[in-house]
Amino acid sequence: MFKIKRGDIVQVIQGVDKGKKGKVLTLFTKDGRALVEGIKLVKKHKRRTQQDQQGGVISIESPIGLSKLALFCKSCNRPARVKFSVLKDGTKTKVCKECNEAI
């Protein structure tokens, strides 16, 4: 089970993009990687076609390892370690270990 889900805001804690924040677009659970908006951009050469009249070099996101990502806590304003808590109504939520606020 992963603590990071699609739609979460994460921060990169290792690598070239260290410190950048983005939204998780896709998770590749089998590989342990995620596609994050605006993180780990690579250049791709596109050929001009009838649908795409303008070819050239474009930047696209590449998957990054989940071990290099941490959930971002808005109340602490920094990457957070997370624990799970069960509320009184029986729902399970992610909670920041530093400030005990729901993420």
Flag for K18 being within 26 Å of I103 (Cβ to Cβ), exposed (fewer than 11 other Cβ atoms within 10 Å of the Cβ) and of a type in the set (D, E, K, R): yes
Candidates A70, A34, A80, filtered to the one that is surrounded by 18 or more Cβ atoms within 10 Å (Cβ to Cβ), touching a Ser or Thr at 6+ places or on another chain (Cβ under 8 Å) and in contact (Cβ under 8 Å) with a residue 12 or more places away in the chain: A34
Residue check, Q54 touching a helix residue (DSSP H, G or I) at 6+ places or on another chain (Cβ under 7 Å) and either in a loop (DSSP other than H, G, I, E, B) or over 25 Å from T93 (Cα atoms) (or both): no
Criterion: charged (D, E, K, R), in a loop (DSSP other than H, G, I, E, B), within 13 Å of L69 (Cβ to Cβ) and touching a residue at least 40 places away in the same chain (Cβ under 8 Å) - qualifying residue of K3, K18: K3
Matching residues, the range 37-51, being surrounded by 10 or more Cβ atoms within 10 Å (Cβ to Cβ) and part of a loop (DSSP other than H, G, I, E, B): E37, G38, I39, K40, R48
Those residues of the range 35-82 which are on the phi > 0 side of the Ramachandran plot and polar (S, T, N, Q), in sequence order: N77
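Every number in this text was worked out from the coordinates using simple rules, so none of it is lab data. Computed from a predicted model, the values in this text were never measured in an experiment. Methodologically, a virtual Cβ is constructed for each residue, glycine included, from the backbone with ideal geometry; neighbour enumeration extends over all protein chains shown.
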